[in-house]
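Read the structure below first, then the notes.
The values are calculated or read from the model by the stated rules, or taken from the named source; none is laboratory data. Small disclaimer: the values here were computed from a predicted structure and weren't measured. Heads up, the Cβs are rebuilt from the backbone with ideal geometry, glycines too, and the neighbour counts pull from every protein chain shown. In case anyone asks, the SASA skips ligands and DNA or RNA and just uses the protein heavy atoms, side chains included. Shrake-Rupley method; radii C 1.70, N 1.55, O 1.52, S 1.80 Å.
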Amino acid sequence: MLSEEVIEKFILKYIKNGDVVSVGTSKAGEVFLKKLALAMELEHIPINSIEFVPTSHRLAIIAQQLGIPLTSLNDKEIDFAMEFVDQVDFDFNFIKRNSSSLVRDKMIAQSARTLMVVAPEKDFVRKIRGKIPFEVAFFGWKRTVHQLDSFGHASLRQNNEKKFKTETGHYFVDVDCDEVFSLEDLEYKSKEVPGVLETGIFIGYADKV
């Protein structure tokens, strides 16, 4: 995980008075919120000048406990967002597996005026490979998994033998792609499968890595 000191430096460098901010769901995202609250408490950023768009119920609760004002994507666009991701390529395209809802994450990424993507250096790669996550509707999910199997070995994500549900009430399916030669093709063709709601492939969203 990114060190707390580096996260603090990002906050002080990139977040300005009056910004609407968001962060992806993760342990590092929780640290980001705590450091943001500390910056407001120390008046590096004026108190109550920042609004936060939560990407999960847990982050919403933490923000409320820290006294960070919440807002909604229905009401505000996002000025600065940070995502902690699994792989990012040389064109700044990335994949994200640790998510509470890929639908929410994609909407946040599209809204953000500046999206900073953070990954370990070893995961800055020439070509993305490995498991690609998909958020799929619970209705007819077995059929959707079967169709996604044409892109690589597809399996329903489970937690202690229970189906892992997203916060929007859907399922995650992980497709093991040995090497993705065209992210654009995979993004486009997979969304032609009825039941696929969103992918963990983010093309053209990142501004900084």
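Couple of notes before you dig in:
- Size of electric dipole in segment 97-209: Cβ of Lys, Arg +1 and of Asp, Glu -1, about Cα centre, debye, nearest 20: 260 debye
- When L12, L36, L73 are compared by accessible surface with a 1.4 Å probe, the order from highest to lowest is L12, L73, L36.
- GluC sites (Glu not before Pro) within segment 1-86: DSSP coil, no more than 15 neighbouring Cβ in 10 Å: E43, E77
- Hull volume in cubic angstrom per residue (convex hull over the Cα atoms of segment 82-131): 80 Å³
- Value at 222 nm in deg cm²/dmol, rounded to 500, when DSSP H runs of n ≥ 4 in the chain each add -39,500 (n - 2.57): -9000 deg cm²/dmol
- For segment 1-90, applying the loop criterion from DSSP together with a ceiling of 11 other beta carbons within 10 Å to the chymotrypsin sites (Phe, Trp or Tyr not before Pro) yields F90.
- Think of the chain as having a plus end and a minus end, set by charges on the Cβ of Lys, Arg, Asp and Glu; of L186, F10, N160, N160 sits farthest toward the positive end of this dipole.
- Expressed as a whole percent, the accessible surface of the chain that belongs to carbon and sulfur atoms is 50, based on a 1.4 Å probe.
- Couplings 3J(HN,Hα) for segment 197-209, derived from phi with the Karplus relation 6.51 cos²θ - 1.76 cosθ + 1.60 (θ = phi - 60°), are 8, 7, 10, x, 9, 10, 10, x, 9, 6, 9, 9, 10 Hz, where x marks Gly and Pro.
- Under 5 Å, built H, 5+ apart or other chain: amide partners of V23: T55, M82
- Taking the Cα centre of the chain as reference, the dipole from Cβ charges on Lys and Arg (+1) and Asp and Glu (-1) amounts to some 460 debye.
- Amide H contacts for C177 (H built 1.01 Å from N in the peptide plane; partners 5 or more residues away or on another chain; cut-off under 5 Å): G130, K131, I132.
- Taking chymotrypsin sites (Phe, Trp or Tyr not before Pro) across segment 125-190, the ones in a DSSP loop with at most 15 further Cβ atoms lying within 10 angstrom of their Cβ are F138, F139, F164, F181.
- Charges were assigned to the Cβ only: +1 to each Lys and Arg, -1 to each Asp and Glu. The resulting dipole of segment 1-44 about its Cα centre is roughly 140 debye.
- Over segment 47-187, accessible surface divided per residue gives 52 Å², non-protein components excluded, 1.4 Å probe.
- This structure gives Rg and Dmax of the Cα atoms in Å, computed directly, and of (i) 15.9, 50; (ii) 17.4, 54; (iii) 17.6, 59 that value is listed as (ii).
- By DSSP, the beta bridges lying fully in segment 1-148 are antiparallel in about 15 percent of cases.
- Ranking I61, F32, V85 by how far each Cα lies toward the positive end of the dipole of segment 4-85 (charges on Cβ) leaves V85 at the top.
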